[in-house]
């Protein structure tokens, strides 16, 4: 599980397995981050263009 977004785009995406989905609200983002933290995952949002391009290439949008 991880969170990512393009550097100049406010839309945040949530990746689980090989699928990602747009996080629609700030409240949803906070809930996802709390769940990730409880499960022991990092909650920061990845913005590196190379990483984001790779994630979009290997995963499909749900």
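Bear in mind these aren't lab numbers, they're just calculated from the coordinates by the rules spelled out. Just so you know, these numbers come straight off a predicted model, no measurement behind them. Glycine gets a Cβ as well: all are built from the backbone with ideal geometry, and neighbour counts include every protein chain shown.
Got the relative contact order for the chain handy, in percent, Cα pairs under 8 Å and 6 or more residues apart?
For the chain, the relative contact order is 42 percent.
Here each label is just a point 7 Å from Cα along the line to Cβ, and for residue 39 and residue 21 those points are 1.2 nm apart.
For the chain, the percent of C-alpha pairs falling in each 5 Å distance bin, counted from 0 to the bin holding the largest distance, reads 4, 19, 31, 27, 16, 3. Beta bridges from DSSP with both residues in the chain: antiparallel share about 65 percent, rounded to the nearest 5.
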